[in-house]
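S.K.: Right, I'll just put the structure down here and ask away after.
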Amino acid sequence: MPINEKNEQQAAKRLGKMFQTQFGKGPESIYVMITPPFVTIHLQGFLAPMEEVLLHQDKQLQLEQLREQMMIKILPVIQQIVEEETDETVLDMYYDWNFRKNKKCTGMVWIALDVSPEQLDTFSWPQELNENMFLREIIALSKKVQKEPVETNLFWLSPRLILVERIGIFVEIENALIEQNYGETLKIVKRPLEKNLFAKHVLESLLQQKIQETFVDWHFQKDKGYLLIGLEKPQENKKEKNQN
């Protein structure tokens, strides 16, 4: 079916109500963007009362485990809403969160849809940016924490959001942990490591924008990982440059 802004707004409204019901407190804002084959759901100011207690007690591990359990419970509901609003089948679902004291908790859920080739978005890279240099830097950074991906794909979803897909990335010890059902532990260890790595200033210089936040998640069975890079608003960067 043709996707328009109405589908995005309706999905955001339904998802907001669902989070309110399931967590006891909905996000302050929720933004849905549909760019086939991807759907991104950006949440801000989203922290349940019990999670807020854990955050202020510096119990990061317990907080992440609690959120993981909650997400496993509601993923089928998110899938149903997305499939109804897009009239497409969901292939895979990913998510990540940034928990920070005295700042809004932000989260991102991103979804891969099973769509036909003619439905794919173009994901055109801005002409003023060097896509190949950015790709090479992503590969170089990936090698520092894992290995060079067998395949790396870039998707310019919007002026503020870039999706990086890396396929064939896990080393032998990671595969061994996955086979022994230590996937959750592996995620907890890998997330801060990769987030810090991909927030490097060299990427900002290539993008000519500051990185506001990053999100990462993996599909262990498919040996695939995603990195979502959120950029500051262009006008914020322009204002900062004018002040310097």
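S.K.: Would you be able to say whether some residue in segment 15-35 is surrounded by fewer than 19 Cβ atoms within 10 Å (Cβ to Cβ), in the same structural domain as K104 (by TED's automatic domain parsing), part of a helix (DSSP H, G or I) and of a type in the set (D, E, K, R)?
M.R.: Scanning segment 15-35, I find at least one residue that is surrounded by fewer than 19 Cβ atoms within 10 Å (Cβ to Cβ), in the same structural domain as K104 (by TED's automatic domain parsing), part of a helix (DSSP H, G or I) and of a type in the set (D, E, K, R), so the answer is yes.
S.K.: Would you pick out the residues in segment 100-115 that are surrounded by fewer than 18 Cβ atoms within 10 Å (Cβ to Cβ) and either free of Cβ contacts under 8 Å to residues at least 40 places away in the same chain or under 14 Å from L63 (Cα atoms) (or both)?
M.R.: R100, K101, N102, K103 - these are the residues of segment 100-115 that are surrounded by fewer than 18 Cβ atoms within 10 Å (Cβ to Cβ) and either free of Cβ contacts under 8 Å to residues at least 40 places away in the same chain or under 14 Å from L63 (Cα atoms) (or both).
S.K.: Restricted to segment 116-141, and to residues that are closer than 18 Å to W218 by Cα and touching a Leu at 6+ places or on another chain (Cβ under 9 Å), which residue is surrounded by the fewest Cβ atoms within 10 Å (Cβ to Cβ)?
M.R.: Filtering segment 116-141 for residues that are closer than 18 Å to W218 by Cα and touching a Leu at 6+ places or on another chain (Cβ under 9 Å), the one surrounded by the fewest Cβ atoms within 10 Å (Cβ to Cβ) comes out as L141.
S.K.: From the list Q9, Q44, Q79, which residue is within 28 Å of P159 (Cα to Cα), touching a residue at least 60 places away in the same chain (Cβ under 8 Å) and surrounded by fewer than 16 Cβ atoms within 10 Å (Cβ to Cβ)?
M.R.: Of Q9, Q44, Q79, the one residue that is within 28 Å of P159 (Cα to Cα), touching a residue at least 60 places away in the same chain (Cβ under 8 Å) and surrounded by fewer than 16 Cβ atoms within 10 Å (Cβ to Cβ) is Q44.
S.K.: While we're looking at this one, here's another question. Restricting to segment 83-98, what's the tally of residues that are outside any strand (DSSP E or B) and either under 16 Å from the mean Cα position of the chain (by Cα) or more than 21 Å from Q22 (Cα to Cα) (or both)?
M.R.: 3
S.K.: Among the residues of segment 115-155 satisfying the criterion of being part of a helix (DSSP H, G or I) and charged (D, E, K, R), which is nearest to L203 (Cα to Cα)?
M.R.: E137
S.K.: Which one of Q57, Q69 is within 19 Å of the chain's Cα centre (by Cα), under 26 Å from Y182 (Cβ atoms) and exposed (fewer than 15 other Cβ atoms within 10 Å of the Cβ)?
M.R.: Of Q57, Q69, the one residue that is within 19 Å of the chain's Cα centre (by Cα), under 26 Å from Y182 (Cβ atoms) and exposed (fewer than 15 other Cβ atoms within 10 Å of the Cβ) is Q69.
S.K.: Residues that are part of a loop (DSSP other than H, G, I, E, B) and either surrounded by fewer than 16 Cβ atoms within 10 Å (Cβ to Cβ) or free of Cβ contacts under 8 Å to residues at least 24 places away in the same chain (or both): does segment 187-201 have at least one?
M.R.: Looking for residues that are part of a loop (DSSP other than H, G, I, E, B) and either surrounded by fewer than 16 Cβ atoms within 10 Å (Cβ to Cβ) or free of Cβ contacts under 8 Å to residues at least 24 places away in the same chain (or both), one finds at least one in segment 187-201, hence yes.
S.K.: Could you tell me which residue of segment 155-186 is farthest from the chain's Cα centre (by Cα), considering only residues that are within 30 Å of E232 (Cβ to Cβ), crowded, with 16+ Cβ neighbours inside 10 Å and of a type in the set (A, V, I, L, M)?
M.R.: I169
S.K.: How many residues are closer than 15 Å to T214 by Cα and either touching a Phe, Trp or Tyr at 6+ places or on another chain (Cβ under 6 Å) or not in a strand (DSSP E or B) (or both) when one looks only at segment 99-114?
M.R.: Within segment 99-114, residues that are closer than 15 Å to T214 by Cα and either touching a Phe, Trp or Tyr at 6+ places or on another chain (Cβ under 6 Å) or not in a strand (DSSP E or B) (or both) number 8.
S.K.: Can you find a residue in segment 60-78 that is part of a loop (DSSP other than H, G, I, E, B), modelled with pLDDT under 95 and either touching a strand residue (DSSP E or B) at 6+ places or on another chain (Cβ under 7 Å) or not assigned by TED's automatic domain parsing to the domain that holds P27 (or both)?
M.R.: No, segment 60-78 contains no residue that is part of a loop (DSSP other than H, G, I, E, B), modelled with pLDDT under 95 and either touching a strand residue (DSSP E or B) at 6+ places or on another chain (Cβ under 7 Å) or not assigned by TED's automatic domain parsing to the domain that holds P27 (or both).
The values are calculated or read from the model by the stated rules, or taken from the named source; none is laboratory data. In this text the structure is predicted, and so the values were computed from the model without any measurement. Cβ coordinates were reconstructed from backbone atoms using ideal geometry, including for glycine residues, and neighbour counts include every protein chain displayed.
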